[in-house]
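Novice: Structure incoming, see below.
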Amino acid sequence: EVQLVESGGGLVQPGGSLRLSCAASGFTFSEYFMDWVRQAPGKGLDWVGRSRNKGNSYSTQYAASVKGRFTISRADSGNSLYLEMNSLKSEDTAVYYCARVTATYAYDYWGQGTLVTVSS
Amino acid sequence: DIQMTQSPSSVSASVGDRVTITCRASQGISGELAWYQQKPGKAPKLLISDASSLQSGVPSRFSGSGSGTDFTLTISSLQPEDFATYYCQQAHSLPRTFGQGTKVEIK
């Protein structure tokens, strides 16, 4: 059974940092692209960024709103995806999901999400 | 960036009704569109990919159509478990973008 489990969310002050993790199981993690998607309270879905697989040089890509502040990495040996978030702003407050990317670039599996609250 | 516009933003319907949600892309995306269902407090669930391919396990009352810039999600006979928010997402290019959502409510 495919499972994605996020962790690491919490309350952080503006300007602070936080590292989210996504533990994957039930599939060959190293073969897949993985994305982070967030959802502010009561709002819609917002793409954060992408981690490509080894065959694509582990390249990453980011939304303009987080570029230069957020960093996505992965550890295929541990079946884990990470999101390092720096210089956090109140507008980064959201539930953060990791999601598996299909061959048709949809998201077929999502984690349960982890809430990040940026507030003083 | 490709803008995705859904309509309506909400719809009130009864069990058994036919419900249609539309999604328009700001530029052509071929058939590279997905639809998701989200219930409160839960992660989105993939219903349809490639505009019309039903995911395994999704009831056949859900169907998708369209290509280019205009797409539709149809629920042929609304069931109690279908009351949720629905999102379209373009899978054509990065950054990935989603419609603003359509909330299907009980009439």
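The values are calculated or read from the model by the stated rules, or taken from the named source; none is laboratory data. Note that the coordinates shown come from a computational prediction; the quantities given were computed from them, not determined experimentally. Cβ coordinates were reconstructed from backbone atoms using ideal geometry, including for glycine residues, and neighbour counts include every protein chain displayed. Note: accessible area is taken over every heavy atom of the protein model, side chains too, but ligands, DNA and RNA are not part of it. Shrake-Rupley method; radii C 1.70, N 1.55, O 1.52, S 1.80 Å.
Novice: Given the pairs A:LYS43/B:LYS103; A:LYS67/B:LYS45; A:LYS43/B:LYS42; A:LYS43/B:LYS39, which are separated by over 19 angstrom at their Cα positions? Let's see the in-between values first.
Specialist: Numbers: A:LYS43/B:LYS103 12 Å; A:LYS67/B:LYS45 27 Å; A:LYS43/B:LYS42 13 Å; A:LYS43/B:LYS39 13 Å.
A:LYS67/B:LYS45, as the Cα separations exceed 19 Å there.
Novice: The stretch A:101-120: which residues show an accessible-area loss of 20 Å² or more, assembly versus chain alone, 1.4 Å probe?
Specialist: A:THR104, A:TYR105, A:ALA106, A:TYR107, A:ASP108, A:TRP110
Novice: Still on this structure, please answer the following. Across the stretch B:54-71, in residue order, what do the Karplus-derived ³J(HN,Hα) couplings come to in whole Hz, using 6.51 cos²θ - 1.76 cosθ + 1.60 with θ = phi - 60° and x for Gly and Pro?
Specialist: So the Karplus estimates, Gly and Pro as x, are 6, 5, 4, x, 7, x, 6, 5, 8, 8, x, 8, x, 6, x, 10, 10, 9 Hz.
Novice: Can you sort A:GLU1, B:GLU105 by solvent-accessible area, 1.4 Å probe, largest first?
Specialist: The most accessible residue leads, giving A:GLU1, B:GLU105.
Novice: Would you rank A:GLU6, B:GLU32 by solvent-accessible area, highest first, keeping every protein chain in place and using a 1.4 Å probe? Can you show the working numbers first?
Specialist: Working: A:GLU6 10, B:GLU32 55 Å².
Sorted by accessible area, descending: B:GLU32, A:GLU6.
Novice: Accessible area per residue of the stretch A:44-110 at 1.4 Å probe, in Å²? All intermediate terms of the calculation are to be shown ahead of the outcome.
Specialist: Numbers: 2830 Å² over 67 residues.
Result: 42 Å² per residue.
Novice: Can you list residues whose amide H is under 5 Å from B:LEU33's amide H, if they're 5+ apart or on another chain and H is modeled 1.01 Å from N?
Specialist: Here B:ASP50, B:ALA51, B:ALA91 satisfy the definition.
Novice: On to the next question. Beyond 16 Å, what share of the Cα-Cα pairs of chain B is found? Please give it as a whole percent.
Specialist: Numbers: 2981 of 5671 pairs.
Everything past 16 Å amounts to 53 percent.
Novice: By its C-alpha gyration tensor, with a ≥ b ≥ c as the square roots of the eigenvalues, how is chain A shaped: rounded for a/c under 1.5, else prolate for a/b larger than b/c, else oblate?
Specialist: Working: a/c = 1.76, a/b = 1.61, b/c = 1.10.
Since a/c reaches 1.5 and a/b is larger than b/c, the shape of chain A is classed as prolate.
Novice: How many partner chain Cβ atoms sit within 10 Å of a residue's Cβ in peptide B:100-106, on average, as a whole number?
Specialist: 1
Novice: Over the heavy atoms of B:ILE106, what accessible area does a 1.4 Å probe trace out, to the nearest 10 Å²?
Specialist: 130 Å²
Novice: What order do A:LYS54, B:LYS39 take when sorted by accessible area (1.4 Å probe), most exposed first?
Specialist: On the way: A:LYS54 145, B:LYS39 75 Å².
Heavy-atom accessible area, descending, gives A:LYS54, B:LYS39.
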